[in-house]
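The next block holds one structure in the form of structure tokens; read it before the comments.
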Amino acid sequence: MKKIIELFVSDKVVLNMKSLYPAWEFKEHLLSYYKEKFKLCFAVLFVGLFLAFVSFVTSDDSIENGRIKRNSIGKADKKLTLYIEESNENTKDTKEFDVTVSGKRYSDKEIRKLADEFNDVLIKTILNKNKSADYIDSDLSFAKKIDGYPFDISYSVEKPLLISRDGKINFDKVIDESEVKITVTYTYFDFSEECEFYVCLYKPLLTRDEELSIAINDALIKSDLSTIDEDYYYLPESVLGKKIKFYEKKRDNTFIIVALTLVSCVMIFFMKDNDIGKEVKKREEELMLEYPRLINKFTLFYNCGMPIKKIWFKICSDYENEACEKNPLYEEMIITRNSIADGKSEIEAYEDFARRINLRSYQVFSNLLIQAIVMGKKEFSNSLMIECNDAFLERKNKAKRMFEEAGTKLLVPMFMMLFVVVIIIMFPAFGSFNF
């Protein structure tokens, strides 16, 4: 597993991880990070391959032995893009054609047979919940299509004020024994058939539930009117001799919460790289802010006659004795000090120090230390003074940039405060006018 992960490791992520974690923790954090990413990638890959396999299995060639199979009866036409290859003596010409293969249709004999049995099915469908056309007390069903039959159906009603286009009945205008003629036309390409029949409309009898609903509505209206001058509205406890209890249905947001949770998990996973980048950037800013102080300390101690190694150890011990928050610069210096104490040469230790921090200023500082060790201490003090001046000048410029950025960020809240002040001043002024 480790070897596989090493093939896909990003150099940028490795550098960021090395900046954030010590050498003995780096590999463990990097491996854990990529394991989580690979789990998600493998899950998506499995789903994609499964869908691709299903698509491959279900796909087939349309042309078979110079013929194309039509879609079955009732299915849409098949539209294909075919290519014709015309061979000449030396060249081959290819032409593209759009071909529409109509779906299979019923023969005249078959459609006549379907029409004979369709009438009974059609009438039963139209009657819907009604048992007979002689007694209609509920809505009809004017279906445009009926399963199992290819006909397109249209309806014509003699009294459209009583029966609408979709079969709904206006019972408010129904007088018992209202007779209405319905004409139904059903077609299939060139075939057309028409049938007529009458329905007799009656006002429906109320069911027990409908009576109860009407009684509850009446009781609620009565309770509202009887308690109109009181602080509380009292719900009825019984209707038609039947005890009832009211409750309010709470809104269930479970599905929304689950969906938002899943989306949040995905966003968190893909934004982890950005978080690592932000941590590295914050660390680099802290290191650059501390750099002028480090150079200043080195310059002061060196001019006092202390050797480089002793100065390094002195700065580390002062940091450990002070009760302050962790600073990434001095933590890295402690790692370098421990390496030197364990027997590593100063040159290698300072090179590792600059490599871990991976900032230009610290690389310059490391090179100065190595040159002083290898080539002697001549002009080392002057080089430190020049680097110290450059570092403080850079810090001054950075402070100016941060101040300008802070001023720009404050513009929005300042405009908002100005808007609020304008409203506070103008509102009483407008309120004093008599329109």
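Data table
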{"item": "Scan of the range 122-152 for residues that are within 23 Å of Leu205 (Cβ to Cβ) and in a strand (DSSP E or B), ordered by number", "result": "Ser132, Tyr135, Ile136"}
{"item": "Criterion violated by Phe26 - all others in (1) open to solvent by 90 Å² or more (accessible area, probe 1.4 Å); (2) at pLDDT below 75 satisfied", "result": "(1)"}
{"item": "Hits in the range 371-429 - residues which are surrounded by 10 or more Cβ atoms within 10 Å (Cβ to Cβ), over 27 Å from Glu284 (Cβ atoms) and polar (S, T, N, Q)", "result": "Ser381"}
{"item": "Close pairs from the range 72-85: first under 10 Å from Val99 (Cβ atoms), partner loosely packed, with under 10 Cβ neighbours inside 10 Å and at pLDDT below 70, Cβ under 9 Å, at least 6 apart", "result": "Leu80/Phe97; Thr81/Phe97; Leu82/Phe97"}
{"item": "In the range 340-355, the residues that are among the hydroxyl-bearing types (Ser, Thr, Tyr) and open to solvent by 30 Å² or more (accessible area, probe 1.4 Å)", "result": "Ser345"}
{"item": "Residues satisfying the stated conditions in the range 173-199, i.e. in contact with a Lys or Arg (Cβ under 7 Å, 6 or more places away or on another chain) and outside any strand (DSSP E or B)", "result": "Val174, Asp176, Phe189"}
{"item": "Filter result (among the acidic types (Asp, Glu) and outside any helix (DSSP H, G or I)) within the range 296-322", "result": "Glu322"}
{"item": "Unique match (being touching a residue at least 40 places away in the same chain (Cβ under 8 Å), open to solvent by 70 Å² or more (accessible area, probe 1.4 Å) and either at negative phi or touching a His at 6+ places or on another chain (Cβ under 8 Å) (or both)) among Asn358, Asn296, Asn321, Asn303", "result": "Asn303"}
{"item": "Pair list, Cβ < 7 Å and 6+ apart or interchain, from the range 103-127 residues that are within 19 Å of Ser72 (Cα to Cα) to residues that are buried (at least 17 other Cβ atoms within 10 Å of the Cβ) and of a type in the set (D, E, K, R)", "result": "none"}
{"item": "Flag for Val364 being open to solvent by 70 Å² or more (accessible area, probe 1.4 Å) and either in contact (Cβ under 8 Å) with a residue 40 or more places away in the chain or among the hydrophobic types (A, V, I, L, M, F, W, C) (or both)", "result": "no"}
{"item": "Flag if Tyr302 is aromatic (Phe, Trp, Tyr) and either modelled with pLDDT of 85 or more or within 30 Å of Lys39 (Cα to Cα) (or both)", "result": "no"}
{"item": "Enumerated helices (runs of 4 or more DSSP H) restricted to the range 325-435, each holding at least 1 residues that are among the β-branched types (Val, Ile, Thr) and more than 19 Å from Lys314 (Cβ to Cβ)", "result": "346-357, 360-375, 380-409, 411-431"}
{"item": "Of all residues making up the range 236-262, the number that are modelled with pLDDT of 70 or more, part of a loop (DSSP other than H, G, I, E, B) and open to solvent by 90 Å² or more (accessible area, probe 1.4 Å)", "result": "3"}
{"item": "Residue match in the range 55-77 (condition: modelled with pLDDT of 65 or more, under 27 Å from the mean Cα position of the chain (by Cα) and either open to solvent by less than 60 Å² (accessible area, probe 1.4 Å) or of a type outside the set (Asp, Glu) (or both))", "result": "yes"}
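The values are calculated or read from the model by the stated rules, or taken from the named source; none is laboratory data. Remember, predicted model here, so these are calculated numbers, not experimental data. Please note: Cβ atoms are built from the backbone with ideal geometry, for glycine as well, and neighbour counts cover all protein chains shown. Remember, those area values only see protein heavy atoms, side chains included, never the ligands or the DNA or RNA. Shrake-Rupley method; radii C 1.70, N 1.55, O 1.52, S 1.80 Å.
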